[in-house]
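The values are calculated or read from the model by the stated rules, or taken from the named source; none is laboratory data. These numbers come from a predicted model, not from an experiment. Cβ sites come from the backbone with ideal geometry, for glycine too, and all protein chains shown count toward neighbours. When the accessible area is computed, the model is the full protein with side chains, heavy atoms only, and any ligands, DNA or RNA have been set aside. Shrake-Rupley method; radii C 1.70, N 1.55, O 1.52, S 1.80 Å.
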Amino acid sequence: MEEDAETQKLNPTSEYNFEDAFEKTGHGKINHLVLFTSGLIMLNVSMESVGMSYAITAAECELHLNSQQKGLVNAAAFIGIISTSFLWGYLGDRLGRRAVMLPAIVVSAVFSIISSFSSSVWMLIVFRFLTGCSVSASSATVYAYLGEMHANSKRASAIAWGSVFISFSFITLPGLAWIIIPGKWSFTLGYMEIVPWRAFVWLWCTPGLASAIILLFLPESPRFLLVAKGPEAALPVLAKMYKWNYGGSADDFPVKKIRSGGEEVKKAGFAGAIKNVSVMFKGPLLKCVIISHVSMFTVFMLSSGLYVWVPDILNSILKSGVNQKISICQIIEDKFLNATLSPQKTCEAEVSIAMFPISMSMGAVFAFTYLAIGFFINKLGRKTMYCGVMFICGMATVGAAFVPEGVAATALLIVSLCSGCAASILAAIAVDVFPTSLRAMAMCVMYMVGRAGAAVGSYLLGATLDLHCLEAFTALGIFTSASTILMLFWPNPEKVRRQMEDKGFSY
């Protein structure tokens, strides 16, 4: 170390390649702040995506919602995310990760708050859709930003640790709902009577707005700047990271010049972006795209598609009596038959209080699962862990529909929903094979396909739960477990990187 420092003093203009220069920034305060901020963004995306699942039961009578309309409301944000993912991926690779996320987070909060003033189901669907369009900007770009703000050796664990915040949404949402939704209070704001479920929507916007404030003080990704503007633009950011981690001045950063070479020249304009993206659908990336995208579709179809219905299912279980020797599918079908035979019965939007602590315990299980992933992902291997989680969750989904006992069925539902934790493992697997100039786009498209799975899962469950519950749960569970076979065909990441570097792309 002393010899290295002496060499730097004698030859302060010595060049470093980018990865060696990045390693010189160390790992400390700024990495932890980026991790925390990215976690808040992931928390915000998750809360905006599934938050309505807790509000929908309370809003059922006020907005005259049936099961199919509930499915549309729950799917609206996912559809918005799907609709704009490609555009945000292009802008993320064109303008920068931070530059795209910051304004979009603020806009998503505005649309979300407006949605809380909805007076009809279609107004609610439209503004939840617009919220999804805005939150889409950060739903996948945040993974590129978080990964690029860490050295290669820390990237997988950083993404895994950041994803722990997603599990916090499954604790925070039911916790806030428990405090707010059962309340009998109301007040008038303008023309609208504000009841608890509307105020609940306002509160879940807080993490996103907090992350936007912190992003004001964080730099753009140096890896993006390297590719977009060259080494001269990336060097000041690395120096700033060094200053944050070690203190002192940015001038103390030992790297004075980054060696050029390997950065691909980005094609100008949207047509150029399309041409660059076409690389994803050719060898050697094509196989990676097919496997990762189909797998992400499956992860979201089970985790998010089922999760938006869990509060409603739990509410039905608790109302029927949790200790009854009856399956959840029988409970759902009985509820539907009662509503069909008694159409004139007064609508009751009563929410069982016990649903909220159960939902919070689900969040605690998710948090534990994410923490376990953070600890073991490098020891067990990403593919092994992903396949194990998805196979177990698929089997638990099948079992939940057949077990004739409320507590056991609820426990199996919790296990099946842990499939959402596999998204971060899949992101860690996929992020390594895509070059810097394609990474944000690749992640956005992958999450777009995933959100499509969530929308499909949510809508299909809404359309089938009342009359074909057993078939729906069985098909969903078997499809999930069987999808793990795809990982047997995942190519060697190092081989893919070498092939892409030979084509002029950098990582």
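The residues of segment 59-73 that are modelled with pLDDT under 80 and among the polar types (S, T, N, Q), listed by number, are ASN66, SER67, GLN68.
Residue pairs whose Cβ atoms lie under 7 Å apart, separated by 6 or more positions or on different chains, with the first residue in segment 479-500 and under 19 Å from CYS393 (Cα atoms) and the second surrounded by 15 or more Cβ atoms within 10 Å (Cβ to Cβ) and aromatic (Phe, Trp, Tyr), are SER481/PHE391; THR484/PHE391; MET487/TYR386.
Every residue, every condition in (1) open to solvent by less than 20 Å² (accessible area, probe 1.4 Å); (2) more than 22 Å from TYR386 (Cβ to Cβ), yes or no:
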position	(1), (2)
ALA401	yes, yes
LEU413	yes, no
PRO435	yes, yes
MET443	yes, no
ALA454	yes, no
LEU470	no, yes
SER481	yes, no
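Of the helices (runs of 4 or more DSSP H) entirely within segment 1-58, those holding at least 3 residues that are of a type in the set (Ser, Thr, Tyr) and either crowded, with 24+ Cβ neighbours inside 10 Å or at pLDDT below 80 (or both) occupy 29-50.
If we scan segment 235-250, do we find a residue that is assigned to a strand (DSSP E or B) and at pLDDT below 85? No, because not a single residue in segment 235-250 is assigned to a strand (DSSP E or B) and at pLDDT below 85. Among the residues that make up segment 170-185, is at least one of them closer than 27 Å to ILE358 by Cβ, in contact with a helix residue (DSSP H, G or I) (Cβ under 6 Å, 6 or more places away or on another chain) and among the polar types (S, T, N, Q)? So far as segment 170-185 goes, no, none of its residues is closer than 27 Å to ILE358 by Cβ, in contact with a helix residue (DSSP H, G or I) (Cβ under 6 Å, 6 or more places away or on another chain) and among the polar types (S, T, N, Q). Residues in segment 359-385 that are of a type in the set (S, T, N, Q), more than 29 Å from PRO493 (Cα to Cα) and crowded, with 18+ Cβ neighbours inside 10 Å: SER359 alone.
Could you list, in sequence order, all residues of segment 424-437 that are touching an Asp or Glu at 6+ places or on another chain (Cβ under 8 Å) and at pLDDT 80 or above?
Of segment 424-437, the ones touching an Asp or Glu at 6+ places or on another chain (Cβ under 8 Å) are 435-437.
Selection gives PRO435 alone.
The set of residues from segment 74-119 being open to solvent by 30 Å² or more (accessible area, probe 1.4 Å) and of a type in the set (Gly, Ala, Ser) comprises SER83, ALA99, SER119.
Among residues of segment 283-308 that are outside any helix (DSSP H, G or I), those with a Cβ under 6 angstrom from a residue that is polar (S, T, N, Q) and open to solvent by less than 20 Å² (accessible area, probe 1.4 Å), sequence gap 6+ or separate chain, pair up as VAL308/SER53; VAL308/ASN74; VAL308/SER458.
Mind listing whichever residues of segment 145-190 are outside any helix (DSSP H, G or I) and either among the β-branched types (Val, Ile, Thr) or out of contact with any His (no Cβ under 8 Å at 6 or more places or on another chain) (or both)?
Answer for segment 145-190, where residues must be outside any helix (DSSP H, G or I) and either among the β-branched types (Val, Ile, Thr) or out of contact with any His (no Cβ under 8 Å at 6 or more places or on another chain) (or both): MET149, ILE181, PRO182, GLY183, LYS184, TRP185, SER186, PHE187, THR188, LEU189, GLY190.
Reported count of residues in segment 391-414, each being of a type in the set (Val, Ile, Thr) and without any contact (Cβ under 8 Å) to a residue 40 or more places away in the chain, is 1.
In segment 187-201, is there at least one residue being open to solvent by 70 Å² or more (accessible area, probe 1.4 Å) and in contact with a helix residue (DSSP H, G or I) (Cβ under 6 Å, 6 or more places away or on another chain)? There is no residue in segment 187-201 that is open to solvent by 70 Å² or more (accessible area, probe 1.4 Å) and in contact with a helix residue (DSSP H, G or I) (Cβ under 6 Å, 6 or more places away or on another chain).
In the set (1) more than 23 Å from LEU91 (Cα to Cα); (2) at pLDDT below 90, the condition left unmet by VAL227 is number (1). Would it be correct to say that GLY420 is modelled with pLDDT of 90 or more and open to solvent by 10 Å² or more (accessible area, probe 1.4 Å)? Answer is no for this residue. You will find that of VAL227, VAL201, the residue that is hydrophobic (A, V, I, L, M, F, W, C), more than 25 Å from MET47 (Cβ to Cβ) and in contact (Cβ under 8 Å) with a residue 24 or more places away in the chain is VAL227 and no other. Looking only at segment 202-211, which residues are surrounded by fewer than 23 Cβ atoms within 10 Å (Cβ to Cβ) and among the hydrophobic types (A, V, I, L, M, F, W, C)? Of everything in segment 202-211, those that are surrounded by fewer than 23 Cβ atoms within 10 Å (Cβ to Cβ) and among the hydrophobic types (A, V, I, L, M, F, W, C) turn out to be TRP202, LEU203, LEU209, ALA210. Taken together, the criteria place ARG451 among residues that are touching a residue at least 60 places away in the same chain (Cβ under 8 Å), among the charged types (D, E, K, R) and in a helix (DSSP H, G or I).
Scanning segment 212-256 for residues that are farther than 23 Å from THR37 by Cα, crowded, with 21+ Cβ neighbours inside 10 Å and within 29 Å of the chain's Cα centre (by Cα) returns a single hit, VAL227.
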